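The values are calculated or read from the model by the stated rules, or taken from the named source; none is laboratory data. Bear in mind that the values here come from a model prediction, so they are computed numbers and not experimental data. Cβ placement follows ideal geometry from the backbone for every residue including glycine, while neighbour counts extend to all protein chains displayed. To get the accessible areas, we keep the full protein, side chains included, count just its heavy atoms, and leave off ligands, DNA and RNA. Shrake-Rupley method; radii C 1.70, N 1.55, O 1.52, S 1.80 Å.
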Amino acid sequence: METGNQSCGTDFTLVGLFHCGHMDTFLFTVITLLFAVALIGNITLVHLIRLDRTLHTPMYFLLSQLSIIDMMYISTTVPKMAVNFLSDTKTISFLGCLIQVFVFLTLAGCEALLLGFMSYDRYIVIFQPLHYPVFMSRKICCSMVAGAWSSSSINALVHTVYVFQLPFCGSRIVNHFFCEIPSLLPLVCEDTSRYEHMIVMSVLVLVLIPFLAILPSYAQVLVVVLQMASGKGQSRAVSTCSSHLTMASLFYVTGLCTYTQPHSLHSPGRDKVVAVLYSIVTPVLNPFIYSLRNKEVMGALRRHMG
């Protein structure tokens, strides 16, 4: 068994998501369709928000940023997975793996922060409507987005540089369908427990804090909604709030499950299923849950389709 550090030029081998024999083609088709739906849904939403003046509001500005992130997010993993499946090579270069980790971490961190800012926007609309133009001015919205991108990029850069200077020993077979830090740590031939504590601290700041901010925000919104006199308006608002909270919870909880466990407790099969939820399912559902169910968005869609 080789115990020395391998060169930076050595490729990694991705086991992939598909290893079910006769089910491979079916699963590949489903993932490809989900990828196409995610791109179409998010591109449609961004295009509508850009074209329709009624959607030039802080809420839809943040939603357009979420859609852009989701398009990049799903494009970071699925195309390479598809290429490996069709070509049967299953390899990714050292540099390609490094770039994939950096881009994925940046987009995941940015989305986690952006979801928190979106809940803040909804909170201000309901509880501080007169101050909404001040608290959610264009300058503040741009600062939120810039802060999310810069902080998540710095965090991703620190983790990527640290992980890829570690010594990878023996086999470079990554039991995953894309390069992700929890799936790379078992290949490192030194103790990574202290670094795993650093991962937990990063996750607490970028993921857990926004999630804990979202929960009371939506809880207060739901309390106000349940006091509404209109039964129809109440049921619609409850449905909207609950669907938003469900999607946010799906993203945050699956991410926390993956990144807060020590690698000794990880199960490759479970990790792949959880990764599909936050890296593929979430970008597919977000445009439909957050916007395409919205009357303003559907009205804009009908107008621009004639």
Can you pull out every residue in region 76-103 that is open to solvent by 50 Å² or more (accessible area, probe 1.4 Å), outside any helix (DSSP H, G or I) and touching a residue at least 40 places away in the same chain (Cβ under 8 Å)? K90, T91, S93
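This table checks each residue for (1) surrounded by 18 or more Cβ atoms within 10 Å (Cβ to Cβ); (2) not aromatic (F, W, Y); (3) not in a helix (DSSP H, G or I).
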position	(1), (2), (3)
S264	no, yes, no
G269	no, yes, no
A275	yes, yes, no
Y278	yes, no, no
T282	yes, yes, no
N286	yes, yes, no
S291	yes, yes, no
Checked against (1) of a type outside the set (A, V, I, L, M, F, W, C); (2) touching a residue at least 24 places away in the same chain (Cβ under 8 Å); (3) open to solvent by 70 Å² or more (accessible area, probe 1.4 Å), R172 satisfies every condition except (3)
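Out of all the residues in region 67-96, which are acidic (D, E) and over 22 Å from the mean Cα position of the chain (by Cα)? Please lay out each step first, then the result.
Of the residues in region 67-96, the ones acidic (D, E) are 70, 88.
D88, the sole residue that qualifies.
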Taking the conditions exactly as written (in contact with a strand residue (DSSP E or B) (Cβ under 7 Å, 6 or more places away or on another chain) and more than 18 Å from F102 (Cα to Cα)), does C179 satisfy them or not? no
Checking E190 against (1) of a type in the set (D, E); (2) over 21 Å from I74 (Cβ atoms); (3) part of a helix (DSSP H, G or I): exactly one of these is not met. Which one? (3)
When you scan region 143-162, do you find a residue that is without any contact (Cβ under 8 Å) to a residue 24 or more places away in the chain and not hydrophobic (A, V, I, L, M, F, W, C), even just one? yes
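Return yes or no: is V200 surrounded by fewer than 19 Cβ atoms within 10 Å (Cβ to Cβ) and modelled with pLDDT of 90 or more?
Considered against the rule, which asks whether it is surrounded by fewer than 19 Cβ atoms within 10 Å (Cβ to Cβ) and modelled with pLDDT of 90 or more, V200 comes out as yes.
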For region 74-98, which residues satisfy the criterion of being touching a Cys at 6+ places or on another chain (Cβ under 7 Å) and over 16 Å from N175 (Cβ atoms)? F94
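Over 23 Å from S75 (Cβ atoms) and hydrophobic (A, V, I, L, M, F, W, C): does that describe F127?
Details: over 23 Å from S75 (Cβ atoms): yes; hydrophobic (A, V, I, L, M, F, W, C): yes.
It is true that F127 is over 23 Å from S75 (Cβ atoms) and hydrophobic (A, V, I, L, M, F, W, C).
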